[in-house]
Structures are given as C-alpha cells and as structure tokens.
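Structure, as structure tokens:
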Amino acid sequence: MDVIEGTIHVEGGQISSIVEEGVESDDIVIPAFVNTHTHITDSVAKDGARARDYSWEELFIDPGLKGEYLEEADQDEKREAMHRTLQFMKETGTGTFADFKEEGIQGVKDLKVVDEGREVDAVPLFQGEYLTEDDDLRTEIKRAGGYQSYYPWDEQDERAREICDELDKVFALHSGEPGPDDIDDALALNPDYTSHMVHTREEDYEVLEDNDIGISALPRSNLVILDKLPPLERLHEHTTVALGTDNVMLNSASMLREMEFTSKLFDISPCEVLQMATINGAKLMHQADKIGSIEEGKRARLAIIDTSRELKELRDPVAGVVRRATARDVKETVLL
C-alpha cells in the first residue's frame, strides 16, 4: 500500500511493469475492490424495508420479509436487478465479489447468466440447504465458486469443507450475527472465513488466530439490522479481516461507503481499511496471487480515482480515497 508517483504498464491483461516517474495526471490508481459478502438476489427488493422497523428474525427467517420479496419476483426481474447491481459495482470500483447465493442450484445459474461476459467477477457460494437427493454435492460446489450454509450444520457441511479443500474453493459461513450460540460450531468447521462475528467472545480470538480463520466484517449491515457493531479492532489484531456489504435490500453494494463508515467508526488506519477492501478480501477468497494489489504479474484490476471533485485539497491520497471518495470520483474501473 505504498503511495508512489509513476506509470502502470499493462500487457495482455496483466501488469507488466510499474515505473516510478513524474506524471502529469493527478489521478489515484488503487486495486479494484474485493467485496467478500453480498446477497445480490436481494437487488429486486432495494429499499423494500427500513431495517430498524423489523427484528432479525422478521427480516430473514421462515421466510421473513426478504423471502417474501424473492417469492413475489419472477426470474427475469431478479436477473435484471442483479445486472444493475453488477453495473453499479463496476461504477464504484469493485472488481470481484462473493455472493452468498440464495435459491440453490438455480440461484447459482442465474448469477452466472447475469455475470456472463461481464467484467466484474462473481464468486457464487452454493447454499447447502438447497441440495436434494438427486443432486451431487461435489458437482455443485465445483460449478459454483464455493460453499456456504447456515446454522445448525451437519455431516453435509463437513463433507463440503473437505471438498472445498480438495478443489481450492471458498468455504464460508455466517456466525455470531444475532447471537453467539452458533460460533463454536462455525469455528469447528474451520471455514476460510466467517461473516459478522458481532458477538465474538474472548475465547474466540485465539481460535481464529490459531486456525487462520478470516473475518468478513459487515459494519453497515450490523448496525442497521442489529444496532450493534463487530469488535473490529480486536478481530483485526488476531486474524485477516476483509469488508463486505451484505444484503443489497438494505445496503448499497458500495465498498466506498463501507470503507468510509469503517474508517470513521473504528480505530483502524486508512491504509488498513483499504487493505480490508482489497488484498485482504483477495486472500480470503483464494485469489491473492492474482488480484487485490498492484504488482507486476497480477491481473490489471484497477480503480482510477479522479481528484478534481470531492478529493480536492488532498493531503493524504489513501485517507482521501478511504474517507471521502464517492461514486462520482471513480473515473474508470479497469477490469482485465
């Protein structure tokens, strides 16, 4: 995350060289964002609820307000809404995102159709509870970008963990969101990362560190749904923390907003917040050798930030991007 003045050369979709030299442009070039936790099927229900008017259970459980909205929408509506969210992600600097996929096999297919030919890379995580007796777990994980499921977990989830290891796919969970009761079982499955951990207990920090279990932190979502925040400073001390935007129904899929919110509410430096939005997410999603930082040999996945609008009077380029940059400051998102 060093700030240098210079030129990035790109050949064949990869960064071929970085030359430190004087340049005329005042643009800031950063790695394209990696969003580690979304639910973009929710795109069909944007602004459909004021979260503070509902409990967590009322929003998400049996079937919850979210489920009702998804039931009302047909497949074309869902796909069109997801397409618009992907376009918004690109316009706000995101290059890669993990989607905790609803609707099982069909949900993964829908996202792949929407993402086909797009430049933003979608990593759909197959939701285990939708598997039927006629479906093969290994096949569906292989078709997707990985696997995710919800508490309580069983033997299928243990098998999925093994399959993800074999295939180098992402295995991710939710835990510690409405309460701490699911944390022990979640950490016992040794996921690549688990999301939320709002109710992290003192004994959990050592388990996270010893087992290198990452965290997808979702502070905007946690505050609006639970009226709580994750213990982000402590989590950051013990493991790799990345950022995600969670349900599109309740929060825009903007990593710029997530960074600003995180930087202003927690005692974490702007540089560390930018890492959470880029290279840390790439690490959790098994892609740190390809994306997440500006290095020779990596894919050219870059966001170009214009400093002539919101970022005038810039003193610190990193702090400016993290705390002040808006969607209109993203001049271009290069996704090769």
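For the reader, a short list of remarks on this structure follows.
- Ranked by the mean number of other Cβ atoms within 10 Å of their residues, highest first, the peptides 169-180, 137-148, 286-297 come out as 169-180, 137-148, 286-297.
- Our note on the geometry: Cα centres of the stretch 169-200 and the stretch 60-89, 25 Å apart.
- The Cα-based radius of gyration of the stretch 31-292, divided by its Kirkwood radius, gives an Rg/Rh of 0.93.
- Modelled spin-label separation between residue 132 and residue 25, with each label point placed 7 Å from Cα along the Cα-to-Cβ direction: 5.1 nm.
- Net charge over other residues, Cβ less than 11 angstrom from the Cβ of residue 173 (K, R count +1; D, E count -1): -4
- Sum of side-chain charges, residue 271 neighbourhood, beta-carbon under 14 Å (Lys, Arg +1; Asp, Glu -1): -3
- Cross-link check: pairs 78/264; 66/298; 66/90; 66/109; 109/290 evaluated at a Cα-Cα cut-off of 29 Å; pairs beyond the cut-off: 78/264; 66/298.
- Beta bridges per DSSP, both residues in the chain: antiparallel share near 35 percent.
- 12 Å Cα-Cα reach of residue 46 towards aspartates and glutamates, excluding residues that sit fewer than 8 places from it in its own chain: none
- The chain: relative contact order in percent, alpha carbon pairs under 8 Å with at least 6 residues between: 24
- For the listed peptides 313-319, 253-259, 274-280, a ranking on the average number of other beta carbons within 10 Å per residue, highest first, reads 274-280, 253-259, 313-319.
Every number here is computed from the coordinates shown, using simple stated rules; none is lab data. These numbers come from a predicted model, not from an experiment. Backbone-built Cβ (ideal geometry, glycine too); neighbour counts: all protein chains shown.
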